[in-house]
Each structure stands twice: as C-alpha cells, then as structure tokens.
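Following: one structure in structure tokens, then a few remarks.
What follows draws every value from the coordinates through simple rules; no lab data is involved. Predicted, not measured: the structure shown is a model, and the values here were computed from it. Methodologically, a virtual Cβ is constructed for each residue, glycine included, from the backbone with ideal geometry; neighbour enumeration extends over all protein chains shown.
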C-alpha cells in the first residue's frame, strides 16, 4: 500500500485534532477515569512548582509562640521557681487549659518587651477562671491584640467566638476578633488558598446581597493592626498564596517566656520581642491543629496564619491561567506537534524537537511562576503536545516500516536477507564498504554430489522442484545463522560471514560452522522425506575457510555484484571439491578450525596442497557440536585415529597400521581410516623419500 503526501498529512491532522480535542473535552468531564488525568495532574504540577519554585520571603519580625509538649507538661521546676512566678503557679495548679490569667500575664510580658502585635490562634468560647484578668488585658492592649473565632462548617457555619466575658457581642464585629478558618480543596483536602474576608451569605451558600455581613480573618485583623490594612484583598474569594519555606516560622516553646533563665538566655531579657508580631497557637502533635498543604505533610494553623499575612504584605499571590488562554494553549500545542511531525521528516530530529519544546515550556512555566505568580497551564498543554506528537510519530514510523517492508520483500527476492537489512538500516556505512575493503571473513561453499548425472535422468520439472526445495532449506539455515547468501552457482551455494556485519572473527567462524552442521541435518531430513516419497536422495559437500578477503562491488558498468574475492575464497571452494576425495561431507581449513575448536569436535583429514597454492594446509572435518548428541564412543576411538595419523605423518607406518586397524575394528566402513591404512601398508613396504611430508598435492580444482 502506497500513501500519498496528501493522505499522510490528512491522517496526521486527524491524529493531532483527536488528541487535542479529547484533552479539551475532558476539561468539562472531570470525572472520566484516565482521560481526565491531564487536568487532574495539573494540580500536582502546580504543587510541584510551589515546592520547587521561588518561595515567599518570611518577615523577620514574625514570631510563633507554640503550645508544644514541653509547655503542656512543663519541665521539672523547683519550689523556689514556682513560688516566685505567678505564671508557673497557675500553669502547675491545673493541666491545660490553664486559668486565663496566664494569657494576661503573657500579654504584659511581651508587650512590656516591645512586641508590636499578639494574635491568639485559639478559641476562648467557654467561660473560665481568669477571664476578668484576661478581659482587662485585652482592653488594655485592644489595638495590639487579636483573638480567634471559628465557623463550625459541620453545623450550618455557626460562629464559635470568644465568650462574652472577654469580648462583648457581637464579637465578630470587634476588630479584636478574626475567624481562623481555612477552606481546603475538596478534592484532596489541601490548603492552597486563603479567604481574608467572608460574608454570612457566602457561608450559607447564598447569593450576595447588599445587606450581608462581612467577617474578617485572624490574619486580616492582624494586618490592619500593624498598618497593612490596604494590603488585604478586598474581595471575598480564596486567594492562592505563595508559601514560604515550611520551616520559616519555627515554634518557640511558650513556657520559656515565663522562665527567667530562658528569658535572659534566649530572648535577651525581652529585647528579642521588640517590634515582633507574635502569634500564639498549638504546636504539640496532640493538639491536632495542623493542615495539609502542598509544601509539607502538615503545617500548623498558627504558621499558616503567618504565611497568609506574609503573602498579603508582599502581594505574593498566585494566579491561574484564564480559561480562554488555557484552551488556546492546548490548541497551540496540538498545532506545534502537527507542524513538527509533518515538516520535520527525520524522526530523531522531530523527537528531539518535541523534547526541546517540552523542556522550553516547562522552563517558561517556572519563569512565570517565579516572576509573576502565574500558574501557567502545563500538564494538559504538554499532554496535547506529547500525545499528538508521539502518536503522529508512531504513524510515521508505521508508514516507514511499511515502506521498508515492501522494499525489503522486493529486494530479498534477489539479494541476501542480511545484506538487505544492512542496506536499509545502515546505507551510508554499507555503500562505503562496497568501494573495496579488506576484512577477515568466514566462507562456505556447498555443492550437490552427483547432481549432474541425476539431472540427465530425472524429469526436469520434478528435478527443479526438488532442487528449489533443497536450496530453500539450505538458504534458510544460512540466514538463521546470520550468513550472507553471496550467490547460487547452479546447485552450488556460496555464503559469507563477516562481510556485511561482523560479530567478531571467532563468532563469524562459529556461525559458519553452525550453518554447515545445520545444512547437514537439514539434508538428512530432506532425504528421509524424499525417500518416503519415492524420490532419490542427494549428497552434499561443504568447504569452510576463514581468512582475509576483499569485499566490494565486482562486475561491469552494466551489472555489479557485491561479493568477496581472495585466496581464502578460492581455498574454501577447493575444500568443497575435496570432500569427494576424502569421503566426508564437510571440510574445514586450519584457520577456521582453530576458531571453532572450542565449540565443535574436529577430525583431522589431511595435509593438502590444492591447485594455485605453493604451501600445504591442514584440513579437518566437523564431527559435530560439543554436547549435542555426538556419539561418545566414536569420540573415544577418534583419539586412536588421531594418534594413528600422527604416527603416519611421523613415518612410523607400522604403528600407524596397527592403530588404524584397531579403529577400523569398530568402524569398518570409515573411508578415511581405510585410505590411511592402505597407504601405511604401502609405505611400510616401500617407504617414501626423505622429502615426504605427508602432503597430498592436487593439480586440479
């Protein structure tokens, strides 16, 4: 199937439109599993920005006095320490909650030291002893103190305020009272935004009305009292704040304020509190006054109020991307993905461009967050970019694979499979090698024995069918073992390992040997099949050699053939021809034998000088692969054969005769042993001259 450019662009457009449209649609379907993940994941990304991005600078004059475990339990105090300290007397007289005179003493202590403001993140709703003293202190410092109130959201937002003995009603209209509530995100119960003001109708989920009552938060009241009332947002919505570092406001144990030793050592006799904004609240784990925020598992309520005040003072508020801009960004991401895949035709370059755009967008998102507080929509935008881009690339890859497959199937009808693979996958390196280079390779020649005689007698159509079946099986074995089918020469086959892509000298030779053993086995199976069909079986000879050859395009201007030439090739061809002389089906040259010896059992055959060579070479035959069903008894007696051959070459013909005879007692039909036994008998009677080196010289190919 061939795809036109117009059809390709149309499919790419449909892919990008599909993913972009699906992501936009899922914005309105937040409950759809999986598909809504990009929009739900945006919250997680924004939280990551809060943790990793720029933090708000904590005001240095903010101080948290915590009701921690050490304060609630108090360290061991001596009688003298308690007797001379009214606060310790009250704190040890009963467990928390103590007499409210303690809080009056605290106000006198810190305001006497020059504190600017004290806020209580506490609800004093029930009457208790000491209220009169605390009331007097609240009146005394009315412009510098704020108490907490609470809206019980579980009970129709009913207000829980300081009792009437402390603040006369209506308490929520008194500038010394502010609500302490934070409203969490309903999805994951995390605090991300602060309401500085709310209305009674807002709390009751009613529409706004001119007569509605306005309530201010603890942080808003505190900001007004320290002169930052204009920094408090005037609306009634939640404002996302830029958080400080989680440990920006560490709690100081409250009891230390009353301990003269620690007041001197830790607070410089009160100088530490000069112009400080102090908040008093729970910091002990047992108090459970904690909130989940994006910054850390939990944040104390008092610390969160200080965060809200710090954000307002420096106007460190975060802003979401406007809806129209969100949709435009998602659409633009899909368009960019389409443009990259449609016009950048190199997949790796296109993939790199997608990664670069993604990284750049993340950098822009971080920049806007740090500099302007804008939470730039990111996860849905990048989802549209990546999904559109990757699926479009997948389609392009599919098209490329189809085209390669079509080309490969066409070429494989004429060229070796691994050669086609190398041409298609590494064309530059392959074509450069065809100019002619010297490389070590393993070469295999195979030829049918007696096929010419058979062809004169057999039916031509049946013979061609049988030959094609044989060549198909042999070629399949060669390909399975990574060989290159160099050519068919009638019924002969030439195959090479290491010319197209080498796995290493030894591995190439072993792959070649495996192929030879596999061809032997495949021919045995074919012969069994043919005999069952009443057809004549075939014999085969294989020659294997390893050596340096020239790889290149050989031929004329009209037709070129990628092949190998050299002495190593010629020797492999000669070895194939000698299989008929020695009565074996596989002959291996000495160089190849040394490379495969650790994987195959070998048998020495002869020392031969073939036509065209001035020096003799040792040739061997493959018995079989080690550990793969080779007759152990034969291997045992093969040692006797090898010893006999050594005696023969050493001119000890009598001993060689004895050993060859012993071997033939068990394998009487072995042609090699018979041949050497006959020659040993002959040389025993008429020894060769002194120049004899057991070399057989062949003058014909």
TODO: Work out how much length residue 153 to residue 628 would gain on full extension: take 0.36 nm times their residue separation and subtract the Cα-Cα distance, in nm to one decimal.
DONE: 162.9 nm
TODO: Would you compute, from DSSP H runs of 4+ residues alone, the mean residue ellipticity of the chain at 222 nm, taking -39500 (n - 2.57) per run and dividing by the full residue count, rounded to the nearest 500?
DONE: -15000 deg cm²/dmol
Open item on the list: To make sure I understand, if each residue's beta carbon is the centre and we count other beta carbons within 10 Å, what order do 16, 26 fall in, fewest to most?
Closed with: 26, 16
Open item on the list: What is the angle, in °, between the Cα long axis of helix 653-666 and the longest principal axis of the Cα atoms in the chain? Nearest 10 is fine, range 0 to 90.
Closed with: 70 degrees
Task: Pair residue 51, residue 292: separation of 7 Å Cα→Cβ label points (nm) - done: 1.4 nm
- [ ] Quick one: angle between helix 347-372 and the longest Cα principal axis of the chain, in degrees between 0 and 90, rounded to 10, please.
- [x] 10 degrees
Open item on the list: At 0.36 nm per residue, and after removing the present C-alpha to C-alpha distance, how many nm does the segment from residue 93 to residue 449 gain when stretched out fully?
Closed with: 116.6 nm
TODO: Please work out which option in (1) 1.35; (2) 0.95; (3) 1.13 gives Rg/Rh (Cα atoms, Kirkwood Rh) calculated from these coordinates, and answer with its label.
DONE: (1)
- [ ] Compute the length gained on full extension between residue 695 and residue 317: take 0.36 nm times their separation in residues and subtract their Cα-Cα distance, giving the result in nm to one decimal.
- [x] 126.4 nm
TODO: Take the Cα of residue 143, step 7 Å along the line toward its Cβ, and report every residue of segment 215-254 whose backbone nitrogen sits under 18 Å from that point.
DONE: 221-230
TODO: Report relative contact order for segment 631-701 in percent, whole number only (criteria: Cα-Cα under 8 Å, sequence separation at least 6).
DONE: 28 percent
TODO: For a label point 7 Å from the Cα of residue 507 along Cα→C-beta, name the residues of segment 458-491 whose backbone N is under 20 Å from it.
DONE: 477-485
Open item on the list: Neighbour counts of other C-beta atoms within 10 Å: give me 192, 40 arranged from fewest to most.
Closed with: 40, 192
Open item on the list: If you take every DSSP beta bridge fully contained in segment 57-315, what fraction is antiparallel? Give it as a percent rounded to 5.
Closed with: 35 percent
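Please work out whether segment 586-689 counts as rounded, prolate or oblate from its C-alpha gyration tensor, where a ≥ b ≥ c are the square roots of the eigenvalues and a/c under 1.5 means rounded, while otherwise a/b larger than b/c means prolate and anything else oblate?
Numbers: a/c = 2.37, a/b = 1.17, b/c = 2.02.
It is oblate, given that a/c is not under 1.5 and a/b is not larger than b/c.
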Task: Pairwise centroid distance, computed over Cα atoms, of segment 214-264 with segment 584-642, Å - done: 92 Å
Open item on the list: Looking at the chain only, what percent of DSSP beta bridges run antiparallel? Nearest 5 please.
Closed with: 65 percent
Task: Cα→Cβ-extended label distance, 7 Å offset, between residue 671 and residue 465, nm - done: 3.1 nm
Open item on the list: Apply the a/c threshold of 1.5 to the C-alpha gyration tensor of segment 316-393 and tell me whether it is rounded, prolate or oblate.
Closed with: prolate
TODO: Averaging sequence separations of C-alpha pairs under 8 Å and six or more residues apart, then dividing by the length of the chain, give the relative contact order as a whole percent.
DONE: 11 percent
Task: Ranked list, fewest to most other Cβ atoms within 10 Å of each Cβ, for 122, 519 - done: 122, 519
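Return the FRET efficiency for the residue pair residue 635, residue 658: r is the Cβ-Cβ distance, R0 is 25 Å, and the value is rounded to the nearest 0.05. It would help to have the intermediate numbers written out before the result.
Working: r = 21 Å, r/R0 = 0.82.
Computed FRET efficiency for residue 635 and residue 658 comes out at 0.75.
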TODO: Could you check the simple spin-label distance between residue 268 and residue 685, using points 7 Å along Cα→Cβ, in nm with one decimal?
DONE: 12.6 nm
Open item on the list: Which of the three applies to segment 616-655, rounded, prolate or oblate, going by the alpha-carbon gyration tensor with a ≥ b ≥ c and a/c under 1.5 meaning rounded?
Closed with: oblate
Task: Order by protection proxy (mean Cβ within 10 Å, highest first), peptides 72-81, 469-478 - done: 469-478, 72-81
TODO: Assuming R0 = 25 Å, can you tell me the calculated FRET efficiency for the pair residue 580 and residue 530, based on Cβ-Cβ distance, to the nearest 0.05?
DONE: 0.75
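Where both partners of a DSSP beta bridge lie in segment 106-212, what percent of those bridges are antiparallel, to the nearest 5? Numbers along the way, then the final one.
Details: 3 of 8 bridges.
Given both bridge residues lie in segment 106-212, the antiparallel proportion sits at roughly 40 percent.
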Open item on the list: Taking the 0 to 90 degree range and rounding to the nearest ten, how far is the long axis of helix 323-343 tilted relative to the main principal axis of the chain, both from C-alpha atoms?
Closed with: 10 degrees
